[in-house]
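Read the figures in this text as sums done on the coordinates, not as results from a lab. Since the model is a prediction, treat every value here as computed from it, not as a measurement. Backbone-built Cβ (ideal geometry, glycine too); neighbour counts: all protein chains shown.
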Amino acid sequence: MFIFLIFACALLTSLVIFPLHFCATTFSNIYSFTVTFLIAAFFFFIFIKQIKKHGAKSSISFITKFLIVMAGFSSFFVLVIIGKRFFAILTIFAATALYFLASKILKLKTTELSSENF
């Protein structure tokens, strides 16, 4: 049973990884565009779901964080495509720092607004 499990994992991995590797090495621009498009579509889906669930006004924190993440991913993608990988890594670090800074600021603003209501 253990050998069958190893064989099944190896077969499944080969069936998934080989086409991805082939596409990434042969059609790198199409692969990069497709992956970026799928990530953007996923974030857009979450964005729409968040607005439907909480309303547009209460989703301002989410929208701000969403835009920061999307700007970080977009600039990362562009920098990797043009070959500036070091700056791409710096962009990810900057986007992460900006995300946490925005989270802290928006959390303070939210608590100030909620305390004024009482």
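Net charge around T96, counting only other residues with Cβ within less than 14 Å of its Cβ (Lys, Arg = +1; Asp, Glu = -1)? Write out the running numbers ahead of the final one.
Working: positive: K65, K104; negative: none.
Taking every Cβ under 14 Å from that of T96, the sum is +2.
Using every pair of alpha-carbon atoms in the stretch 61-110, split the distances into 10 Å bins beginning at 0 and state the percent of pairs per bin, rounded to integers.
29, 45, 20, 6, 0
Looking only at L90, L38, L15, which one moves most when the chain is put into a Gaussian network model with springs between Cα atoms under 10 Å?
L15
Scan the stretch 25-55 for chymotrypsin sites (Phe, Trp or Tyr not before Pro) in coil per DSSP, keeping those whose Cβ has at most 14 other Cβ atoms within 10 Å, and list them by number. Let's see the in-between values first.
Working: sites: F27, Y31, F33, F37, F42, F43, F44, F45, F47; in loops: F27.
Answer in residue order: F27.
Of the labelled options [x] 64, 42, 24; [y] 57, 29, 24; [z] 39, 32, 25, which one gives Cα extents along the principal axes in Å as computed for this structure?
[x]
Given the convex hull over the Cα atoms of the stretch 15-68, what projected area results after averaging over all orientations, in nm²? Could you put the intermediate results ahead of the total?
Details: hull surface 19.4 nm².
Mean orientational projected area (the stretch 15-68, Cα hull): 4.8 nm².
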